[in-house]
Each structure stands twice: as structure tokens, then as C-alpha cells.
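**Student:** Could you have a look at this structure, given as C-alpha cells, before my questions?
The values are calculated or read from the model by the stated rules, or taken from the named source; none is laboratory data. Nothing here was measured: the structure is a model prediction, and the numbers come from that model. Using ideal geometry, Cβ is built from the backbone for each residue, glycine included, and neighbour counts are taken over all protein chains shown.
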There are 2 protein chains.
Amino acid sequence: MNGSTPTPARTTRQRTEVTALLQEVNDFLTAQQLHGLLRERGAKVGLTTVYRTLQRMVETGEVDATRTPDGEQLFRQCSRSRHHHHLVCRMCGRTVEIEGPAMERWTEKVADQHGYTDIAHTLEIFGTCSACAR
Amino acid sequence: MNGSTPTPARTTRQRTEVTALLQEVNDFLTAQQLHGLLRERGAKVGLTTVYRTLQRMVETGEVDATRTPDGEQLFRQCSRSRHHHHLVCRMCGRTVEIEGPAMERWTEKVADQHGYTDIAHTLEIFGTCSACAR
DNA sequence: ATGAACACGATAATCGTTTTCATTTAGGAG
DNA sequence: CTCCTAAATGAAAACGATTATCGTGTTCAT
Ligand SMILES: [Mn+2]
Ligand SMILES: [Mn+2]
Ligand SMILES: [Zn+2]
Ligand SMILES: [Zn+2]
């Protein structure tokens, strides 16, 4: 009874299993890696559904997506829903969520000064975590 | 008398034309866009060669490469060799080179605070330039 | 001028991701 | 609970950017 349909979002076995896996895994993984893990644990979920579910969760903001240097997409369920970035260990993938209000303002300012609108940005910090450093 | 083979780098008509185009165009463009521009001006260069040439120039440092949010590669011959970032129009590729010393220091600090070493980062700002906004 | 190494490019192959579409399922109405 | 239908699934095919092949053409040191 409404003019616009927001988002149906039905609870299916597949979505439940994808969500559960993302809950456990705390690193950035590709859709195919996640699909592989699901199969390992016996969950029967099609790769297509994994992609679709991840895509939906990214749109919802439940999941964060980034890309490897090769351009492959990586997904991760982040703890905070607010806009943030990541500090990632290039060895083990251990990730720390970070925020930088000052930096955010700076990007807006710079883009605006040059007449750019509809601004977006990507920032990733890579390093070697203390555990991997030894 | 060297253990490693640096790079032959022969001068061919194709490489000359790709280099010339990169000189003129001061924006981030995809390999296919560059290839299209070459064909427009009558230069007969294969797409494969455009890709190969760009890849080589990226390795040499002559060309900067980044990716669109869609994961597509963008290439550009930058004016400054010093570390910098880009403000890119997602429509036409018009690019502004930017520096952010404060932001640079911030990334170092954050990474250090979390015990990460050997720090590196990527930052790209995307927007719609004033010309494409209309 | 020669020729071996290098480069070109049409074509096929990769490979991550998306689209198709026939079939199944969730979940609200009755 | 039963029905109905829009939503979801997934096997298969399509897509699209990039890379690998490999026979042919070019460069450049000798
Ligand atoms: Mn940000
Ligand atoms: Mn920087
Ligand atoms: Zn690590
Ligand atoms: Zn533009």
C-alpha cells in the first residue's frame, strides 16, 4: 500500500549462512573465498547468490567492499556502520577500522575548491602488523 | 655486465604515438579510451599494444595507474614525480594532482599507533568536474 | 646489409562478475 | 493451514576488461 518499495529482504537459508560466515571471519575475503568456505562447512549456496547477497549488504552498509591491487573485490563485515577506512596488514590481512574526521573534511575542501561535486573517496593504509613483523 | 636485465625499450611507431597521446591528454583514461583516441587521429595501434605499452610505462614509473570504483584501470602521465594523489572526474577523467602533508602524517601516525610498520597507502578522490556537471 | 631479439596485433583464452530464466521458496492474505 | 505471488535461487550462458598465443613484421647492434 505504498508508492515506493524500499527493500523486501526475505530471510532465506542462504542469506543466513552468508551472514553467519561474515560474522565469524574478520578479514577481507573475495566472494569466491567466502563461497569456498561455505562449501567447506557443508552449506549449499550458489556462487551467484553469494555475489548477490554481498552486493545487497554492501548497498545496505552492512558490509564493506574494497579491492585488491589486482582489482578483485574484497568483502568484510565491519563493526561500525559509520563511514570509515582500513589499516590492513599486507601479510595476514588483519584489519583495523579507522576514522579521520580531519582528513574527511580535507578531501571535501580540496574537491570543492577545484569545482568538483558529488565527491567520494577511497583510502586504504597498508602495513605489516606487529605480529607479522617478527 | 649486470645480473638483471633492465629493459630493452625499443623505439617503435606505436610506442611513440602512445607516448605522444599521453603527453597531450592530461587525464586519467582507460586503455580502451586511449586506444579509441589513437584510432580517431588515424594512428594504427593495436589495443594489445596499448595495454602492453601502458603496463611497461607503469613499471618504469613514467605513468601512474589507478582504478575506477568499478575496478577498471586508469592511466595518466603525471607531471610531478613526487608522491601525490588525485582528484579525478568520474565522467571524463579530468584530473588534479593534490598533496596533503597533514593527511600523510596522519596516516603514518595512525598506522604507527596500531603497531603497523612499513606503511603505505592509497588515496583517490572522485567527483564530477564542473564541465561534466552541467 | 643481416639476423636475432624484440615488438606487433589479430585472435583466443582468462577470469571475476553479471544476466538469464526456469524453478523453488518465503511469507502475507484469507 | 492453504494459496498465491513476488522474491530468491542457481545452473548455465553472457559479459567485459585484461592477458596469453603465436605467426609475422621491425629494430638496431654488428
Ligand atoms: Mn573517508
Ligand atoms: Mn599520500
Ligand atoms: Zn599481519
Ligand atoms: Zn569531467
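**Student:** Among A:Leu87, A:Leu47, which is in contact (Cβ under 8 Å) with a residue 12 or more places away in the chain and surrounded by 16 or more Cβ atoms within 10 Å (Cβ to Cβ)? If you could, list the steps in order and put the result at the bottom.
**Tutor:** Working: A:Leu47 fails: surrounded by 16 or more Cβ atoms within 10 Å (Cβ to Cβ).
Only one candidate qualifies: A:Leu87.
**Student:** State which residue is surrounded by the most Cβ atoms within 10 Å (Cβ to Cβ) when the search covers only segment A:105-130 and only residues that are touching a strand residue (DSSP E or B) at 6+ places or on another chain (Cβ under 8 Å) and more than 7 Å from every other protein chain (Cβ to nearest Cβ).
**Tutor:** Out of the qualifying residues, it is A:Glu108.
**Student:** Within segment A:51-62, is there a residue that is part of a helix (DSSP H, G or I), away from chain B (no Cβ under 14 Å), modelled with pLDDT under 95 and closer than 25 Å to B:Gly71 by Cβ?
**Tutor:** Within segment A:51-62 (the criterion being part of a helix (DSSP H, G or I), away from chain B (no Cβ under 14 Å), modelled with pLDDT under 95 and closer than 25 Å to B:Gly71 by Cβ), the answer is yes, since at least one residue qualifies.
**Student:** So, in segment B:89-134, how many residues would count as being more than 16 Å from ligand 1 (Cβ to nearest atom) and not in a helix (DSSP H, G or I)?
**Tutor:** Residues that pass the stated criteria total 20.
**Student:** Tell me, please, whether a residue that is at pLDDT 95 or above and more than 11 Å from the chain's Cα centre (by Cα) can be found in segment B:26-33.
**Tutor:** For segment B:26-33, residues at pLDDT 95 or above and more than 11 Å from the chain's Cα centre (by Cα): present.
**Student:** Please pick out the residue among A:Ala43, A:Ala20 that is in a loop (DSSP other than H, G, I, E, B) and over 30 Å from B:Ala102 (Cα atoms).
**Tutor:** Numbers: A:Ala20 fails: in a loop (DSSP other than H, G, I, E, B).
That would be A:Ala43, the only listed residue that is in a loop (DSSP other than H, G, I, E, B) and over 30 Å from B:Ala102 (Cα atoms).
**Student:** When only residues in segment B:93-103 that are within 15 Å of ligand 2 (Cβ to nearest atom) and at the interface with chain A (Cβ under 10 Å from one of its Cβ atoms) count, which is farthest from the chain's Cα centre (by Cα)? First the steps, then the outcome.
**Tutor:** Filtering segment B:93-103 for residues within 15 Å of ligand 2 (Cβ to nearest atom) gives B:96-103.
The next check asks that each one be at the interface with chain A (Cβ under 10 Å from one of its Cβ atoms); those that pass are B:96, B:98-100, B:102-103.
Values: B:Val96: 12, B:Ile98: 14, B:Glu99: 16, B:Gly100: 19, B:Ala102: 23, B:Met103: 21 Å.
This residue is B:Ala102.
**Student:** If you don't mind, there's one more thing I want to ask. Run down B:Arg56, B:Arg90, B:Arg52 and say which single residue is among the basic types (Lys, Arg) and under 13 Å from the mean Cα position of the chain (by Cα). Reasoning before the result, please.
**Tutor:** Values: B:Arg90 fails: under 13 Å from the mean Cα position of the chain (by Cα); B:Arg52 fails: under 13 Å from the mean Cα position of the chain (by Cα).
Answer to the selection: B:Arg56.
**Student:** Where residues in segment B:69-86 are modelled with pLDDT under 95 and among the charged types (D, E, K, R), which of them is farthest from B:Glu97 (Cα to Cα)?
**Tutor:** B:Asp70
**Student:** Also: When only residues in segment A:74-88 that are more than 7 Å from chain B (Cβ to nearest Cβ) and not in a loop (DSSP other than H, G, I, E, B) count, which is nearest to ligand 2 (Cβ to nearest atom)? It would help to see each step written out before you state the result.
**Tutor:** From segment A:74-88, those more than 7 Å from chain B (Cβ to nearest Cβ) are A:74-86, A:88; that's our starting set.
Going one step further and asking which of them are not in a loop (DSSP other than H, G, I, E, B), we end up with A:74-76, A:85-86, A:88.
Numbers: A:Leu74: 21, A:Phe75: 25, A:Arg76: 23, A:His85: 13, A:His86: 15, A:Val88: 16 Å.
Only one residue fits best here, namely A:His85.
**Student:** Go through segment A:4-36 and count every residue that is more than 11 Å from DNA strand D (Cβ to nearest atom), surrounded by 17 or more Cβ atoms within 10 Å (Cβ to Cβ) and among the aliphatic types (A, V, I, L, M).
**Tutor:** Residues flagged as more than 11 Å from DNA strand D (Cβ to nearest atom), surrounded by 17 or more Cβ atoms within 10 Å (Cβ to Cβ) and among the aliphatic types (A, V, I, L, M) within segment A:4-36 amount to 5.
**Student:** Can you tell me which residue in segment A:76-133 is nearest to ligand 4 (Cβ to nearest atom), limited to those that are polar (S, T, N, Q) and under 27 Å from A:Thr53 (Cα atoms)?
**Tutor:** Here is the first cut: in segment A:76-133, the ones polar (S, T, N, Q) are A:77, A:79, A:81, A:95, A:107, A:113, A:117, A:122, A:128, A:130.
Right, trim to under 27 Å from A:Thr53 (Cα atoms) and you get A:77, A:79, A:81, A:95, A:122.
Values: A:Gln77: 35, A:Ser79: 36, A:Ser81: 31, A:Thr95: 33, A:Thr122: 18 Å.
The extreme case among them is A:Thr122.
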